[in-house]
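**Student:** The structure is given below, and queries will be raised subsequently.
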Amino acid sequence: MLTIRQIAFWPVDLPLTDPFVVATGSRLAAENVFVRVTLSGGVQGYGEAAPFPEVSGEDRLACIGSLKQLSTAVLGQSADRFEEIGRLMREIAPAQPAARCALECAIIDALCRVRHMPMWALWGAADVRERETDITIPICDINTTIRLARHWHAKGFRLFKMKVGRDVHEDVRRLRAVHDALPDIAFIGDGNQGFSQAECIAFAEAVKGFGGRLVLLEQPVIREDLDGLARIRSETKVPVAADESVRSIADAEKVITRKAADYINIKIMKTGMVEARSIADYTLANGLKLMIGGMVETRLAMGCSFSLALGMKGFEVLDLDTPLLLQEDPVNGGFVYRGPRLIPSQGEGLGMSLLPGPLTTILA
């Protein structure tokens with residue numbers, strides 16, 4: 001019943017409603033890979049790889065090559081050994097976390113379907129309730145920024161994650177324009193490693209100076225600059241979230257030891273599901289807070305992340321909005337959005353299904 005007998009995967013291109021521009025690069029479409037795992041009893045589970053080379057260095061071509069290699073290693077194993085499988089895949093392909101994540105999610109989805117349980121139940125079912133996400137505004141000109149902000153504000157969003165880090169003066173102008181137009185909103189400033197320490201401090205002080213509510217600074221400086229993160233925390237008094245700086249438990253330990261962040265942003269595409277759960281447990285045990293986000297993903301991968309937030313306690317900030325930035329939704333079933341609210345699925349596994357594209361199939 002639980003033996004992994006077939007793995008299929010296929011690329012998918014999903015245009016975005018607007019260019020997704022961050023300090024380190026841009027996307028016009030999500031260039032992802034869907035994965036389907038079939039167990040010996042016929043039950044199937046789904047996963048998604050969402051590589052973002054400008055952030056992680058992992059592109060789709062390398063991801064597909066890694067999926068071929070990993071599938072060969074995984075076939076014939078039992079889905080209930082998903083934790084061991086996750087560790088094995090990390091040894092085989094340490095630099096391909098999105099590929100590993102897709103396979104892990106598909107295996108776990110199939111296992112939960114066999115057990116007739118939602119995926120969030122596997123992680124503990126400790127916090128199953130409707131949750132609210134922020135919405136991301138990419139780096140763009142002021143007119144586009146205002147247009148997007150008004151659009152999402154009308155749908156009920158009040159926490160705006162502003163992509164910043166290319167030009168501190170322009171960043172401040174954009175945030176001030178949004179604040180002046182919509183004074184009831186709050187900001188997360190996501191630098192994606194684009195700021196220097198001095199630039200980030202100047203940015204934070206300027207936003208506070210015009211009365212903007214800056215609730216979080218996410219990865220303002222390069223991932224190795226933990227002293228910079230610590231200094232920004234100290235001087236701005238704004239909570240800091242470590243994102244790119246944390247891709248493993250070892251990274252999380254360094255951040256915690258150096259007092260470099262208030263939050264650690266869990267992203268399954270950086271680590272895979274098993275490692276993400278371990279990092280989250282470690283973070284909470286050491287007194288830091290949790291944020292959960294993603295790359296440019298559909299509801300499939302985002303549903304896996306949402307399952308962690310529902311299964312565990314401690315996720316205070318949800319940044320699970322990228323399916324809303326896509327022109328179409330290729331996923332059937334599963335959790336749904338009502339404005340900024342995420343409504344949990346009660347279905348088995350993720351409760352989702354996909355129509356497959358041109359398949360690459362690997363059989364046991």
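**Student:** Give me the pairs, please: first residue somewhere in segment 287-300 and of a type in the set (Asp, Glu), second residue anywhere and assigned to a loop (DSSP other than H, G, I, E, B) and open to solvent by less than 10 Å² (accessible area, probe 1.4 Å), beta-carbon distance under 6 Å, and either six or more positions apart or on two chains.
**Tutor:** Listed pairs, sorted by first residue: Glu297/Ala50.
**Student:** Test Val331 against the criterion of being at negative phi, crowded, with 20+ Cβ neighbours inside 10 Å, at pLDDT below 95 and touching a helix residue (DSSP H, G or I) at 6+ places or on another chain (Cβ under 8 Å), and give yes or no. Spell out the reasoning first.
**Tutor:** Working: at negative phi: yes; crowded, with 20+ Cβ neighbours inside 10 Å: yes; at pLDDT below 95: no; touching a helix residue (DSSP H, G or I) at 6+ places or on another chain (Cβ under 8 Å): yes.
Answer is no for this residue.
**Student:** From the list Arg174, Arg147, which residue is basic (Lys, Arg) and open to solvent by 30 Å² or more (accessible area, probe 1.4 Å)?
**Tutor:** When all the criteria are applied, what remains is Arg147.
**Student:** Keeping to segment 58-83, report how many residues are under 23 Å from the mean Cα position of the chain (by Cα) and over 14 Å from Asn32 (Cα atoms).
**Tutor:** Residues meeting the conditions: 3.
**Student:** Counting only residues that are open to solvent by 50 Å² or more (accessible area, probe 1.4 Å) and either of a type outside the set (Gly, Ala, Ser) or outside any helix (DSSP H, G or I) (or both), how many does segment 201-222 have?
**Tutor:** 5
**Student:** Another one. Within segment 304-328, count every residue that is in contact with a helix residue (DSSP H, G or I) (Cβ under 8 Å, 6 or more places away or on another chain), surrounded by 22 or more Cβ atoms within 10 Å (Cβ to Cβ) and not small (Gly, Ala, Ser).
**Tutor:** 8
**Student:** I need a count of the residues in segment 233-246 that are crowded, with 19+ Cβ neighbours inside 10 Å and out of contact with any strand residue (DSSP E or B) (no Cβ under 6 Å at 6 or more places or on another chain).
**Tutor:** The number of residues fulfilling the criteria is 3.
**Student:** Out of the residues in segment 85-141 meeting the condition of being of a type in the set (Lys, Arg) and not in a loop (DSSP other than H, G, I, E, B), tell me which one is least open to solvent (accessible area, probe 1.4 Å).
**Tutor:** Selected residue: Arg100.
**Student:** Please count how many residues of segment 272-302 are open to solvent by less than 10 Å² (accessible area, probe 1.4 Å) and within 24 Å of Arg158 (Cβ to Cβ).
**Tutor:** 7
**Student:** So the check is Cβ under 7 Å with 6+ separation or different chains; which pairs have a first residue in segment 12-35 that's closer than 22 Å to Leu300 by Cβ and of a type in the set (Ser, Thr, Tyr) and a second one that's open to solvent by 40 Å² or more (accessible area, probe 1.4 Å) and not in a strand (DSSP E or B)?
**Tutor:** Thr17/Gln327
**Student:** Residue by residue through segment 145-158, note down the ones that are more than 15 Å from Asp180 (Cα to Cα) and touching a residue at least 24 places away in the same chain (Cβ under 8 Å). So that I can check it myself, show each step before the final result.
**Tutor:** Taking segment 145-158 as the starting set, the residues that turn out to be more than 15 Å from Asp180 (Cα to Cα) are 151-152, 154-157.
The answer is Lys155, Gly156, Phe157.
**Student:** Ile343 fails exactly one of the following numbered conditions: (1) open to solvent by less than 20 Å² (accessible area, probe 1.4 Å); (2) of a type in the set (A, V, I, L, M, F, W, C); (3) touching a residue at least 60 places away in the same chain (Cβ under 8 Å). What is the number of that condition?
**Tutor:** (1)
The values are calculated or read from the model by the stated rules, or taken from the named source; none is laboratory data. In this text, all values refer to a predicted model and were calculated from it rather than measured experimentally. Note that we place each Cβ from the backbone using ideal geometry, even for glycine, and neighbour counts take in every protein chain shown. The protein model used for the area step is the full one, side chains on, heavy atoms only, and it has no ligands, DNA or RNA in it. Shrake-Rupley method; radii C 1.70, N 1.55, O 1.52, S 1.80 Å.
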